[in-house]
1. Confirm whether Gly401 is surrounded by fewer than 17 Cβ atoms within 10 Å (Cβ to Cβ), of a type outside the set (Val, Ile, Thr) and in a helix (DSSP H, G or I).
2. Applying the selection to the range 40-70, what residues are loosely packed, with under 10 Cβ neighbours inside 10 Å and among the hydrophobic types (A, V, I, L, M, F, W, C)?
3. Checking Glu243 against (1) at pLDDT 95 or above; (2) surrounded by fewer than 16 Cβ atoms within 10 Å (Cβ to Cβ), which single condition isn't satisfied?
4. Condition (residue is at pLDDT 95 or above and part of a loop (DSSP other than H, G, I, E, B)) applied to the range 72-82: is it met by at least one residue?
5. Pairs please, first residue from the range 148-162 and closer than 12 Å to Val199 by Cβ, second anywhere and among the charged types (D, E, K, R) and outside any helix (DSSP H, G or I), Cβ atoms under 7 Å, 6+ apart in sequence or on different chains.
6. Return the residue satisfying two criteria in turn: it lies in the range 84-134 and is of a type in the set (Val, Ile, Thr) and part of a strand (DSSP E or B), and of such residues it is surrounded by the most Cβ atoms within 10 Å (Cβ to Cβ).
7. Within the range 1-26, how many residues are out of contact with any helix residue (DSSP H, G or I) (no Cβ under 9 Å at 6 or more places or on another chain), surrounded by 12 or more Cβ atoms within 10 Å (Cβ to Cβ), charged (D, E, K, R) and at pLDDT 80 or above?
Amino acid sequence: MSDDKVKALEVKRSSRLTGFYQQSPERRRARLVESRWLAPEDARACEGLGGFDEACADVMVENVIGLHGLPLGVALNFVVNGRDRLVPMAVEEPSIIAAASYAARLCAEGGGFTVQADAPITTAQVQLLEVPSLEAAREALRAGTPELLAAANALMPAMCARGGGARELEVRVLDATTLVVHLHVDTRDSMGANLVNSVAEDLAPRLVALTGGRAGLKILTNLADRRKVRVRARVPASALASERFQDGAVVRDAILEAQRFAELDVYRAVTHNKGVMNGVDAVLVACGNDWRAVEAGAHAYAARHGGYRPLTSWWKGPEGELCGELELPLATSTVGGAARTHPGVQRALKLAGTSGAVDLAGLAAAAGLATNLAALKALSTDGIQKGHMALHARRVAAEAGASGELVGIIADRLSRERVYRPERAREILEAEVARRQGGRR
């Protein structure tokens, strides 16, 4: 099938699957097949642990004694750079997937998410200590840069063959006798940690010879500020209206007040950014990426100007719409690591329709902007607990022994009563079971 025909088929797929949340996991998988988001064999493989077993786990990490699962869901309604997308998310916290889907639907009213991403640059650091002359060392490194880049590329022929390779050498002064050399490497669809670490170790003797210093640490940095993603969205004020808040402009202004709160107060900014990372991390976990590295880099980036700030910006647009932007460093991969060994990760990447690491980074960032918007809207209107407690009620119902459709029935009753105790859930369950049994006599 030609690329044009594949693209035509993709255009016809919609990320809007009405009533999806109300259906059973089995029916949801069937709908993904019907909508051509999943092949039948991939849908069947999603059941249970999705083909992930102890043998696979034992290859991935040390001292394996078993498996630990997380729910895998899909966020709906995403339109990214004009293309409908489903977003796989693996997360234990209730409301995150629902929040992302809801906010994505609001953003779709304004055309969806627009994503721009830098080239996939991974940076290795070589620490040089006891440098006798910083000025002479910097000049020697400047003059030797072409040879150093060529030497680095000679160490990674496979990466260079894929279009990647060493792009730049940067020198930074840390104190009176300490330099750090940054080697910026385009690692294509891999995160490139092992590769750049190896290259840094191999280049260190050359750097020592040029500078007269002593080599210290040789390792990548997780502040991937050469690998940033920027995502924007706009929401018409009318789309923000609800039954309780009928003037969308009032909701917009309340969201802007919440944004300003995060800009002024570090305590709020941390929680604000946690809302961003709710979406980003869930996508990265589903797709087998190093979410811890991205978290560390994101929070460092939030403090790059000396004070900790929100990663997002929200403002009023020229037509009264709500406009938002998220920018953060986001190093991702779609090859190697878990993508090579974990069958569930492979299916998540397929479901996301990723074209490579840069595309995956953009999708994760769109999810982050969506979860941030959903949190700000909830906090500015009904409060965050309304949605949380509705989903918490389902957990309590399941804990009390409910299954199938009884989970929803018990959860609805708990929510109406605003009582979320397991003992109350058991009382309601016993009464409902007795009622049904009585009706069958």
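1. Numbers: surrounded by fewer than 17 Cβ atoms within 10 Å (Cβ to Cβ): yes; of a type outside the set (Val, Ile, Thr): yes; in a helix (DSSP H, G or I): no.
Judged against the criteria, Gly401 is not a match.
2. Result: Ala55, Val61, Ile65.
3. (1)
4. Keep residues of the range 72-82 that are at pLDDT 95 or above, which gives 72-82.
From what is left, the residues that are part of a loop (DSSP other than H, G, I, E, B) are 81-82.
Yes; the residues of the range 72-82 include at least one that is at pLDDT 95 or above and part of a loop (DSSP other than H, G, I, E, B).
5. Matching pairs, first to second residue: Met159/Arg188.
6. Keep residues of the range 84-134 that are of a type in the set (Val, Ile, Thr), which gives 87, 91, 96-97, 114-115, 121-123, 126, 131.
From the residues that got through so far, the ones that are part of a strand (DSSP E or B) too are 87, 114-115, 121-123, 126.
Details: Val87: 29, Thr114: 18, Val115: 22, Ile121: 21, Thr122: 26, Thr123: 24, Val126: 24.
Going through the qualifying residues, I end up with Val87.
7. So the answer is 1.
For every residue, the table says whether it meets (1) in the same structural domain as Ala338 (by TED's automatic domain parsing); (2) in contact (Cβ under 8 Å) with a residue 12 or more places away in the chain; (3) not aliphatic (A, V, I, L, M).
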site	(1), (2), (3)
Gln23	yes, no, yes
Leu38	yes, yes, no
Asp42	yes, yes, yes
Val64	yes, no, no
Gly73	yes, yes, yes
Val80	yes, yes, no
Met89	yes, yes, no
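The values are calculated or read from the model by the stated rules, or taken from the named source; none is laboratory data. Treat the numbers as computed from the prediction; the structure is a model and nothing was measured. Please note: Cβ atoms are built from the backbone with ideal geometry, for glycine as well, and neighbour counts cover all protein chains shown.
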